[in-house]
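Quick notes on the structure that follows.
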């Protein structure tokens, strides 16, 4: 397994795969996805700034983002990091990669032929991802990173099959985690609302951790901050 770093404009990624050939496939896919999004945003500037779902009568990654935004009731850009990560992994697998992991600033798409551990920052735990898994792990935070969140979660993490949808739903979940809410009730009602789209969720706020659904195995781990993909 080789670890690569790639950054272009706002896209800051860590890519895990077998060799440089598949890394180059990932780079081309990331640039292709960004180009499609940027071209659409030139025609429709509201796509970049809306906090509400928009109708997008196009195909491709923009359409996928708009559908995810509608599911989560957020703006389409809430799904951008997951959408790009998912697209890159898809192209890597099409090219023959057995291990394809794209971590786009904490929104992660994974296809793996070996066991992996994904740290859950800021805890001392990690998800254990078994071989043969195709999975997405996407996180929103009101305290860490540049993304907009209207909540105060240390992390609001969604585990799903699709990283675009997981990213949008993680944003929606993070927006709800505030000091004036019933933490347990919010987690329960949110999971029940989105159970058809996600496998499970994990939220960390201050000293509290909440879990719901069918998450990967969680083990105590040494989470190395220097491996975190961030600006």
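The values are calculated or read from the model by the stated rules, or taken from the named source; none is laboratory data. Quick caveat, the model's predicted, so the values are computed rather than measured. Backbone-built Cβ (ideal geometry, glycine too); neighbour counts: all protein chains shown.
Some observations on this one:
- Filter result for residue 97 (over 15 Å from the mean Cα position of the chain (by Cα), at pLDDT 95 or above and in a loop (DSSP other than H, G, I, E, B)): yes
- Restricting 109, 88 to those that are closer than 14 Å to residue 167 by Cβ and either part of a helix (DSSP H, G or I) or without any contact (Cβ under 8 Å) to a residue 12 or more places away in the chain (or both) reduces the list to 88.
One line per residue, one yes/no per condition, for (1) modelled with pLDDT of 95 or more; (2) buried (at least 21 other Cβ atoms within 10 Å of the Cβ); (3) more than 14 Å from the chain's Cα centre (by Cα):
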{"position": "114", "(1), (2), (3)": "yes, no, yes"}
{"position": "122", "(1), (2), (3)": "no, no, yes"}
{"position": "135", "(1), (2), (3)": "yes, yes, no"}
{"position": "151", "(1), (2), (3)": "no, yes, yes"}
{"position": "158", "(1), (2), (3)": "yes, yes, no"}
{"position": "174", "(1), (2), (3)": "no, yes, no"}
{"position": "182", "(1), (2), (3)": "no, no, yes"}
{"position": "188", "(1), (2), (3)": "no, no, yes"}
{"position": "208", "(1), (2), (3)": "no, no, yes"}
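- Restricting attention to region 174-204, the residues that are in a loop (DSSP other than H, G, I, E, B) and either touching a residue at least 24 places away in the same chain (Cβ under 8 Å) or out of contact with any strand residue (DSSP E or B) (no Cβ under 8 Å at 6 or more places or on another chain) (or both) total 10.
- Test: residue 167 is closer than 24 Å to residue 16 by Cα, at pLDDT 90 or above, surrounded by fewer than 17 Cβ atoms within 10 Å (Cβ to Cβ) and under 18 Å from the mean Cα position of the chain (by Cα): no
- Residue match in region 59-67 (condition: surrounded by fewer than 16 Cβ atoms within 10 Å (Cβ to Cβ) and in a loop (DSSP other than H, G, I, E, B)): yes
- Scanning region 92-112 for residues being touching a strand residue (DSSP E or B) at 6+ places or on another chain (Cβ under 9 Å) and surrounded by fewer than 16 Cβ atoms within 10 Å (Cβ to Cβ) gives a total of 1.
- Extreme residue, surrounded by the fewest Cβ atoms within 10 Å (Cβ to Cβ), among residues of region 1-33 that are assigned to a helix (DSSP H, G or I) and out of contact with any helix residue (DSSP H, G or I) (no Cβ under 7 Å at 6 or more places or on another chain): 20
- Some residue of region 42-50 being assigned to a helix (DSSP H, G or I), under 20 Å from the mean Cα position of the chain (by Cα) and crowded, with 17+ Cβ neighbours inside 10 Å: yes
- Of all residues in region 190-206, those being surrounded by fewer than 19 Cβ atoms within 10 Å (Cβ to Cβ) and over 21 Å from residue 69 (Cα atoms) number 1.
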